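Peer 1: Here it is, the structure in full.
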Amino acid sequence: MNNFIFENATKVYFGQGCVQEYLTCLVQDASTVLLAYGGGSIRRNGIYDQVAGLLRQAGKTVVDFAGIPSNPTYDQVLAGAKLARETGADWILGVGGGSVMDCAKAIALAARYPGDVWEDFWARPGVIDFDSLPLGVIVTVAGTGSECNGGAVITHPGKKIKTGRDYPQLNPRFALMDPTYTYSVPQAQMISGGFDTLSHLMEIYFSRPDEDNVSDDLNEALMVSVIRNLRAAVATPQDYTARSNLMWAATMAENRVVKLGKQGDFQCHNMEHQLGAYTDCNHGQGLAVLHPVYYRHIYQDGLPKFLRFAQKVWGLPRDGRSDEALALAGIEALAGFIRDLGLPTTLRQLGVEREQLKEIADSCGISPGSYRRMTHQEILELFQECYESPL
């Protein structure tokens, strides 16, 4: 394994009833809480009333910051930071999925920073040498794993850039994770989040080192679990076992544990982020379109790992097949899983215009961790393959 330093400052409270049991004691030193959430689903399903009610019963002033979309923008970060300053908020509580949590982290930073947050912390890595606003999160959508890291993916529409940074100082102080809170999530969103988790795991797995290491062993078990439990949750949406496993797998994929000693790829994330910056497409759906095609491009450069993926994750037998044929069969098993889930299989389904492909391809970051370093021309060819031909 490569050398590493491990840190995770977020304290997790997991299980049914955890919000009711722990929330008020976790924000006992707060007087005004900025409550950040998305398009209003938590108001319809009762979660808002429960959370805001608990805070108000504890004597807290609650300031709503609503309407955070699936791809939070820099303008929204600035608006949230302005509201936090104007109302004297001394805590932020993000209630939602990855987009809400990411936006809340960026707001926590921007509320205490007098400079240009985008240029100093997202356009390039920055140094956080001051205290951001304290932040806690309540997870209602499983997938991104944002609850246990300092990562925040933000879109700058003017620059047509969607990018993420992970600052340990932005780790939430606490994460409340009640799997029953995910029951009301529409099935398409649940599936998209589950595939995002699988994508995170694959992006870490398909990278060096390939020698025997604990991170790869853990990763294989997590991928098998996600595949099994995503199928179970699709069949029975209120299967608590499946929902709880999916929620914790999402956290495990991004709490840095399976990244230890690994280089990481994340080329598919780089490509999908730019698709999102140009089209505002759904993140998990975009990843589903890209992954099998990308892996067909690079599998020969990481053949031993793709062979292991086919055997350990998908349980495929050798059956006289060559290494190349068995590795490809593993990629086809992934593509079949995507089709079975009903995820999109072409960029056209995501609303991408053919005329945009070159500009988007040219804007993509190139991952140094890929088994083969991509070029912008090859990314364009990959996009063209993904445009109309199903997986």
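The values are calculated or read from the model by the stated rules, or taken from the named source; none is laboratory data. What you see is a predicted model, and the numbers here were worked out from it, not measured in a lab. As a convention, Cβ positions derive from the backbone with ideal geometry for all residues, glycine included, and neighbour counts pool all protein chains shown. Accessible surface is based on the protein model in full, side chains and every heavy atom, while ligands, DNA and RNA are left aside. Shrake-Rupley method; radii C 1.70, N 1.55, O 1.52, S 1.80 Å.
Peer 1: For region 302-331, give me each residue that is of a type in the set (A, V, I, L, M), under 24 Å from Lys262 (Cβ atoms) and buried (at least 18 other Cβ atoms within 10 Å of the Cβ).
Peer 2: Step one: filter region 302-331 for residues of a type in the set (A, V, I, L, M), giving 303, 307, 310, 313, 316, 325-329, 331.
Filter once more, keeping what is under 24 Å from Lys262 (Cβ atoms): 303, 307, 310, 313, 316, 326-328, 331.
Of everything in region 302-331, those that are of a type in the set (A, V, I, L, M), under 24 Å from Lys262 (Cβ atoms) and buried (at least 18 other Cβ atoms within 10 Å of the Cβ) turn out to be Leu307, Ala310, Val313, Leu316, Leu326, Ala327, Leu328, Ile331.
Peer 1: Let me confirm something: among Val137, Val117, which residue is in contact (Cβ under 8 Å) with a residue 24 or more places away in the chain, touching a Pro at 6+ places or on another chain (Cβ under 6 Å) and open to solvent by less than 10 Å² (accessible area, probe 1.4 Å)? Quick ask: steps written out before the conclusion?
Peer 2: Values: Val117 fails: touching a Pro at 6+ places or on another chain (Cβ under 6 Å).
Only one candidate qualifies: Val137.
Peer 1: Just one of Ala81, Ala58, Ala89 is surrounded by fewer than 16 Cβ atoms within 10 Å (Cβ to Cβ) and more than 18 Å from Ser146 (Cα to Cα); which is it? Give the derivation first.
Peer 2: Values: Ala81 fails: surrounded by fewer than 16 Cβ atoms within 10 Å (Cβ to Cβ); Ala89 fails: surrounded by fewer than 16 Cβ atoms within 10 Å (Cβ to Cβ).
None of the other options fit; the residue is Ala58.
Peer 1: If you don't mind, another one. Based on this model, can you work out whether Phe337 counts as in contact with a Leu (Cβ under 6 Å, 6 or more places away or on another chain) and assigned to a helix (DSSP H, G or I)? Step through it out loud before you land on a result.
Peer 2: Details: in contact with a Leu (Cβ under 6 Å, 6 or more places away or on another chain): no; assigned to a helix (DSSP H, G or I): yes.
So Phe337 fails the test.
Yes or no, residue by residue, for (1) in contact with a His (Cβ under 8 Å, 6 or more places away or on another chain); (2) more than 27 Å from Pro237 (Cβ to Cβ); (3) surrounded by 24 or more Cβ atoms within 10 Å (Cβ to Cβ):
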{"site": "Leu133", "(1), (2), (3)": "no, yes, no"}
{"site": "Ala142", "(1), (2), (3)": "no, no, yes"}
{"site": "Ser146", "(1), (2), (3)": "no, no, yes"}
{"site": "Ile154", "(1), (2), (3)": "no, yes, yes"}
{"site": "Lys162", "(1), (2), (3)": "yes, yes, yes"}
{"site": "Met177", "(1), (2), (3)": "no, no, yes"}
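Peer 1: Report yes if Leu334 is modelled with pLDDT of 95 or more, open to solvent by less than 80 Å² (accessible area, probe 1.4 Å) and over 27 Å from Asn229 (Cβ atoms), otherwise no. Talk me through it step by step, then tell me what you get.
Peer 2: Working: modelled with pLDDT of 95 or more: yes; open to solvent by less than 80 Å² (accessible area, probe 1.4 Å): yes; over 27 Å from Asn229 (Cβ atoms): no.
In short, no.
Peer 1: A further question follows. Quick one: which strands (runs of 3 or more DSSP E) lie wholly within region 21-109 and hold at least 3 residues that are closer than 24 Å to Arg165 by Cα?
Peer 2: 32-36, 91-96
Peer 1: Here's a follow-up. Please go through region 149-195 and pick out each residue that is under 19 Å from Ile68 (Cα atoms), assigned to a helix (DSSP H, G or I) and of a type outside the set (A, V, I, L, M, F, W, C).
Peer 2: Tyr181, Thr182, Gln189, Ser192, Gly193
Peer 1: Kindly indicate which of Ala188, Ala104 is surrounded by fewer than 17 Cβ atoms within 10 Å (Cβ to Cβ) and closer than 25 Å to Gly46 by Cα. Before you say what the answer is, go through the steps one by one.
Peer 2: Numbers: Ala104 fails: surrounded by fewer than 17 Cβ atoms within 10 Å (Cβ to Cβ).
So the residue among Ala188, Ala104 that is surrounded by fewer than 17 Cβ atoms within 10 Å (Cβ to Cβ) and closer than 25 Å to Gly46 by Cα is Ala188.
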